[in-house]
1. Condition first: in a loop (DSSP other than H, G, I, E, B), under 22 Å from the mean Cα position of the chain (by Cα) and over 30 Å from ASN72 (Cα atoms). Can you find one or more residues in segment 130-139 that meet it?
2. Applying the selection to segment 35-74, what residues are assigned to a loop (DSSP other than H, G, I, E, B), crowded, with 21+ Cβ neighbours inside 10 Å and of a type outside the set (D, E, K, R)?
3. Among the listed residues PHE82, PHE99, PHE77, which satisfies the condition of being assigned to a helix (DSSP H, G or I), under 21 Å from ILE192 (Cβ atoms), within 26 Å of the chain's Cα centre (by Cα) and aromatic (Phe, Trp, Tyr)?
4. Can you name the residue in segment 118-149 that is of a type in the set (Phe, Trp, Tyr) and in contact with a helix residue (DSSP H, G or I) (Cβ under 8 Å, 6 or more places away or on another chain) and is also nearest to GLY285 (Cα to Cα) among such residues?
5. Could you count how many residues in segment 117-129 are touching a residue at least 40 places away in the same chain (Cβ under 8 Å) and either assigned to a helix (DSSP H, G or I) or within 13 Å of the chain's Cα centre (by Cα) (or both)?
6. Would you check which residues across segment 151-186 are open to solvent by 90 Å² or more (accessible area, probe 1.4 Å) and under 23 Å from ASP71 (Cα atoms) and list them?
Amino acid sequence: MGSAKLIWANNLRALATIAVIVLHVASTISSLYPAISKSYFLTSIFIDSSVRWGVPVFIMLSGSFALENYDNRLKSFFAKMFHRIVLPFLFWSVVYLFFFSWKELTDPAKSIGQLLAFTGNQFLSGTASHLWFVYVIVSMYLVFPFLSKWTKVATEKEYIYFFVLWLFFLLIDPYLSDYDINFSYNFFTGFIGYIVLGNYLFKTTRKFNQLLLISLFLTGFLYTAIRTYFASVEENEINELFMDNLSLNVCVMSFCVYLICRQRNYTLHSTWQRAVDIICKYSYGIYLSHLLILNIFLRLGLKFDFLHPIISIPLITVTCLVISCGLIMGMKKIPVLKKLAG
């Protein structure tokens with residue numbers, strides 16, 4: 001990943017890391033609606049919508065590298081997965097468990113059995129809202145040994161066939177929930193599509209017009225923002241239906257962002273490139289820890305709408321990014337925490 005030809009991947013991973021923090025800052029503000037002005041709400045919705053590709057791009061990068069580089073050594077593959085993904089996840093899950101559920105864990109009225117049941121339920125559902133991503137990644141990794149057999153020999157037509165099915169079932173799935181259907185299409189739905197898409201786009205030599213990609217991204221972004229805004233105003237509360245990671249508009253944005261970075265190695269000033277490389281290097285730890293930092297801000301009384309969102313969102317994002325990155329870098333220097341940081 002450090003090689004010159006993969007600078008785009010470093011930049012994309014760092015960009016996705018920042019996008020996720022922006023998303024959580026912006027969504028914290030938009031969730032206050034209707035207690036905030038429509039100006040604040042509209043701004044936060046537009047900023048939030050513009051970065052909804054963050055998590056899908058992370059998943060696509062796993063398809064580009066983890067899946068593509070699977071070498072049939074099952075034991076080695078899962079050992080790496082455990083140490084690099086699961087171990088830090090378990091550590092931060094415990095941290096969030098105590099941070100969010102301290103009162104429940106120290107409730108003298110609860111029996112040991114009740115505490116164990118509560119803790120178990122927390123770990124099954126995720127001790128923090130953003131940890132769902134890790135559950136998805138681990139579940140995807142479990143099928144890599146089988147999926148890699150197909151991706152290594154699949155033709156372009158077979159990839160296209162898969163994507164057509166994936167997008168088709170993503171589109172109709174919301175409408176099928178009211179019907180009793182025995183036909184199973186689980187393999188062609190969900191985040192597996194992002195894994196395969198990332199693998200395909202990494203390997204393909206097909207070139208896509210940059211102007212077209214930018215136009216498609218803007219279309220997906222504006223659709224997301226406008227539909228979310230009007231749906232929320234109509235219901236008088238935030239409605240994130242059109243921001244779903246598996247909605248077609250978010251798929252389009254993710255596809256475009258990946259390719260815009262993939263097809264061009266954007267050169268940055270050496271100082272900025274070093275910063276980007278650091279964010280990339282510690283991206284997983286930053287992802288795991290950043291929600292803790294944001295919630296500490298909130299507990300300290302910092303209101304994310306203390307200024308207009310066009311100012312407060314970038315300000316809080318940069319502050320959180322710097323603190324999270326510094327925290328992970330510091331943990332990496334402590335032997336007992338090095339493997340737990342992420």
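1. Filtering segment 130-139 for residues in a loop (DSSP other than H, G, I, E, B) gives none.
Looking for residues that are in a loop (DSSP other than H, G, I, E, B), under 22 Å from the mean Cα position of the chain (by Cα) and over 30 Å from ASN72 (Cα atoms), one finds none in segment 130-139, hence no.
2. Listed by number, the residues that qualify are VAL51, TRP53.
3. From the options PHE82, PHE99, PHE77, the qualifying one is PHE77.
4. So, considering only residues that are of a type in the set (Phe, Trp, Tyr) and in contact with a helix residue (DSSP H, G or I) (Cβ under 8 Å, 6 or more places away or on another chain), the one nearest to GLY285 (Cα to Cα) is PHE133.
5. Of the residues in that region, 1 qualify.
6. LYS152, VAL153, listed by residue number.
Yes/no per residue for (1) charged (D, E, K, R); (2) within 30 Å of PHE191 (Cβ to Cβ):
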| site | (1), (2) |
| --- | --- |
| GLU234 | yes, yes |
| PHE242 | no, yes |
| CYS261 | no, yes |
| ASP277 | yes, yes |
| SER289 | no, yes |
| LEU302 | no, no |
| GLY326 | no, no |
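Per-residue answers, yes or no, for (1) buried (at least 21 other Cβ atoms within 10 Å of the Cβ); (2) without any contact (Cβ under 8 Å) to a residue 24 or more places away in the chain; (3) within 18 Å of LEU15 (Cβ to Cβ):
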{"site": "TYR266", "(1), (2), (3)": "no, no, yes"}
{"site": "ASP277", "(1), (2), (3)": "no, no, yes"}
{"site": "HIS290", "(1), (2), (3)": "yes, no, yes"}
{"site": "LEU302", "(1), (2), (3)": "no, yes, no"}
{"site": "HIS308", "(1), (2), (3)": "no, no, no"}
{"site": "ILE311", "(1), (2), (3)": "no, yes, no"}
{"site": "LEU321", "(1), (2), (3)": "no, no, yes"}
{"site": "SER324", "(1), (2), (3)": "yes, no, yes"}
{"site": "MET331", "(1), (2), (3)": "no, no, no"}
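The values are calculated or read from the model by the stated rules, or taken from the named source; none is laboratory data. None of the values given here were measured: they were computed from a predicted structure. Every residue, glycine as well, gets a Cβ built from its backbone with ideal geometry; the counts of neighbours run over all protein chains shown. In case anyone asks, the SASA skips ligands and DNA or RNA and just uses the protein heavy atoms, side chains included. Shrake-Rupley method; radii C 1.70, N 1.55, O 1.52, S 1.80 Å.
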